[in-house]
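The block underneath contains the structure these notes are about, expressed in structure tokens.
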Amino acid sequence: MERACPARWRQIMGLSIRPVPILTDNYAWFLRDEDSGATALVDPAEEAPLVTAVEEAGGRLDQIFLTHHHADHVAATDALRKRFGAIVTGAAADAYRLPMLDQAVAEGDDIALGGAIGTVMETPGHTRGHIAFHFPLVPALFCGDTLFSLGCGRLFEGSAEEMFHSLRRIAALPDATLICCGHEYTLSNARFAQEVEPENAALHARVAEIDILRAEARPTVPVRLGLEKQTNPFLRAPDVATFARLRREKDAFR
């Protein structure tokens with residue numbers, strides 16, 4: 001079984017990626033282009049730990065990327081912009097409820113962090129205006145609350161059909177893609193996944209690894225998309241009806 005790839009810093013193709021734990025169970029993502037030194041944060045929602053992360057990395061913050069408007073993903077945006085002068089990028093369709101945007105983007109638009117080029121993917125479902133940032137040469141996807149490790153986001157605004165389509169688009173990316181999501185929900189998601197697929201050997205092996213990681217207070221993400229496709233019941237749902245049923249069951253799961 002391919003292993004998850006938790007690490008404090010992970011550097012691939014000149015782009016270093018680090019999950020920064022914030023709030024109760026959120027992750028902001030700290031990116032650094034090693035060639036130019038340019039840095040970015042994805043979904044910054046708590047000022048103090050993120051200021052520390054930026055200062056420890058040299059005190060430079062060039063950009064902020066926002067996946068959606070929820071407060072637990074954007075709350076520190078204005079403070080960090082004021083402190084470091086970062087450029088803020090988010091969905092044009094959600095500009096009315098995001099912090100003030102310097103760059104409003106939509107499906108297929110390019111973004112750049114130094115020499116690292118990414119593409120915007122619109123991924124509605126969790127919210128109507130949710131987007132993800134795909135860096136194909138890494139490869140990595142910063143997907144907010146659309147896809148979690150072994151799970152997916154609740155349907156607060158979008159429909160099951162919209163979320164299913166968003167997940168199908170993600171599943172079509174290369175298996176080597178690093179999934180960089182917005183929460184540490186993997187352990188609870190794993191318990192539900194085992195209820196859905198009790199005979200999935202790859203899932204059982206993965207849960208054993210997750211138990212060790214969380215016992216050591218280590219992150220379970222990023223994780224390769226190929227591993228998610230073997231073990232995540234929401235990515236494995238064959239149709240919208242099955243996905244919708246799984247989402248309802250997960251909402252009620254305790």
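Just so you know, all these numbers are worked out from the coordinates, no wet-lab data involved. Since this is a predicted model, take the numbers as computed values, not measurements. No Cβ is skipped: glycine too gets one built from the backbone with ideal geometry, and neighbour counts run over all protein chains shown.
Descriptive notes on the structure:
- Mean separation of Cα pairs under 8 Å and 6 or more residues apart, divided by the residue count, gives the chain a relative contact order of 17 percent.
- Sequence of Asp175, Asp239 once ranked by neighbouring C-beta atoms within 10 Å, starting from the fewest: Asp239, Asp175
- In order along the stretch 173-180, phi translates into HN-Hα couplings of 6, x, 4, 6, 4, 7, 8, 10 Hz, rounded to whole numbers, per the Karplus curve 6.51 cos²θ - 1.76 cosθ + 1.60 with θ = phi - 60° and x for Gly and Pro.
- Just checking the listed ones, Gly158, Gly90, Gly144: in the Gaussian network model of the chain with Cα springs under 10 Å, the one fluctuating most is Gly158.
- Per-residue Cβ neighbour rank within 10 angstrom, fewest leading, Asp110, Asp102: Asp110, Asp102
- Degrees separating the helix 160-171 axis from the principal Cα axis of the chain, which is the longest one: 70
- Crossing angle, helix 240-252 versus the chain [Cα axis fit, 0-90 degrees, rounded to tens]: 80
- Backbone HN-Hα couplings from phi across the stretch 209-226 [Karplus 6.51/-1.76/1.60, Hz, Gly and Pro as x]: 5, 4, 4, 5, 4, 6, 4, 9, 6, 9, x, 9, 10, x, 9, 6, 4, x
- More than 28 Å apart - percent of Cα-Cα pairs taken over the chain: 27
- Cut-off of 10 Å, at most 13 other beta carbons, DSSP loop: longest stretch of the chain lacking such chymotrypsin sites (Phe, Trp or Tyr not before Pro): 10-155
- Residue among Tyr185, Gly158, Ala172 farthest towards the positive dipole end of the chain, charges placed on Cβ: Tyr185
- Relative to the longest principal axis of the Cα atoms of the chain, helix 186-196 runs at roughly 30 degrees.
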